[in-house]
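Shown next, in structure tokens, is the structure this report addresses.
The values are calculated or read from the model by the stated rules, or taken from the named source; none is laboratory data. These figures come from a predicted structure and were not determined experimentally. Note that we place each Cβ from the backbone using ideal geometry, even for glycine, and neighbour counts take in every protein chain shown.
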Amino acid sequence: MATLQQLSTNHLLGIKYLEPEDIHLIFETTRNFKEVLNRPIKKVPSLRDITVANLFFENSTRTRISFELAEKRLSADIVNFSASASSVKKGETLLDTVNNILSMKVDMVVMRHPAPGAHHFLAQHIDANIINAGDGTHEHPTQALLDAFSMWEKVGDLAGKKIAIFGDILHSRVALSNIFCLNKLGAQVKVCGPPTLIPKYIEKLGVTVEHDLRKTLQWCDVANVLRIQLERQDLKYFPSLREYALYYGINKPLLDSLDKPIVIMHPGPINRGVEITGDVADSDHSIILQQVENGVAVRMAVLFLLASGR
């Protein structure tokens, strides 16, 4: 494994709070853990005697499974917590819930919560490493790290690279974390989508805005396509999914008509035929499955580095 080094923080609350050196350390550690995952025996004792609680107050499939698999690969003891089957339903507060879990001598907490800032609140009140697995529409740091690592593997150093983020920027915690991460790595970032799905003042985060799909695809080296988050939309932001797909859906003929090949990414789950068509998701342009594979290694790296600072 890599020489033991420390992150500049005891928690992963968001990309906003990481230094560029932290991100590079996570990438180097991820590369080492990818080698572990390709061995016949995919397990190391790095987190033996460390107990991790997975607290998911929102539904999750990919992120929860990825974290659980990362923890098991590191030989950690795991406690899984689902809000739908807990005392939260009876009115128990977040702090009481977590304190009860910590009384069982838990060392690290991986949490997804609908309230932005919930992880900051916990970090101020409990003695455990906190990892943000998504908080509302705020941040999703491990997704941004695995996205950036996947880009880094595919196109090399991201400094100066042109990265476009497409789709529902307004409701996406993935978009915000990606913007923070890519900016810290020196990439040029552009967001593209309907005006109703682009937040006001987003240019203040150091990105440019474009509403023309083809023009943005022609500009970028990597296209990170986000899911339309209908479950977070309490208003009508566009007439119909069919119309969205017509103006902002990426299909194979459109990709083939560009002057250069570009890399296609998607954090999942994919609405096939809406954001991208199936032949794009399954094409040689796509690194979507590599993102899933890299997700386990990135989360192993984050868990390992935070645990090493205990």
Boolean, P199 is out of contact with any Leu (no Cβ under 7 Å at 6 or more places or on another chain) and either in the same structural domain as V52 (by TED's automatic domain parsing) or more than 21 Å from S60 (Cβ to Cβ) (or both): no
Complete set of residues in segment 267-287 that are part of a helix (DSSP H, G or I) and either of a type in the set (G, A, S) or buried (at least 20 other Cβ atoms within 10 Å of the Cβ) (or both): G278, V280, A281
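Yes or no, residue by residue, for (1) closer than 23 Å to V155 by Cα; (2) among the small types (G, A, S); (3) at pLDDT below 95; (4) part of a helix (DSSP H, G or I):
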residue: K215; (1), (2), (3), (4): yes, no, no, yes
residue: Q218; (1), (2), (3), (4): yes, no, no, yes
residue: I228; (1), (2), (3), (4): no, no, yes, no
residue: D234; (1), (2), (3), (4): no, no, yes, no
residue: P239; (1), (2), (3), (4): no, no, yes, no
residue: Y244; (1), (2), (3), (4): no, no, yes, yes
residue: Y247; (1), (2), (3), (4): no, no, yes, yes
Qualifying residue in segment 139-160 (condition: assigned to a helix (DSSP H, G or I) and farther than 25 Å from K34 by Cα): no
Matching residues in segment 161-189 - criterion: being touching a strand residue (DSSP E or B) at 6+ places or on another chain (Cβ under 9 Å) and either outside any helix (DSSP H, G or I) or on the phi > 0 side of the Ramachandran plot (or both): K161, K162, I163, A164, I165, F166, G167, I169, S172, A187, Q188, V189
Residue within segment 268-286 that is closer than 30 Å to K43 by Cβ and out of contact with any strand residue (DSSP E or B) (no Cβ under 8 Å at 6 or more places or on another chain) present: yes
Residue match in segment 71-88 (condition: in a loop (DSSP other than H, G, I, E, B), modelled with pLDDT under 90 and under 21 Å from Q124 (Cβ atoms)): no
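Looking at the structure I just gave you, is A175 closer than 21 Å to V292 by Cα, within 13 Å of the chain's Cα centre (by Cα) and in the same structural domain as R214 (by TED's automatic domain parsing)?
So A175 passes the test.
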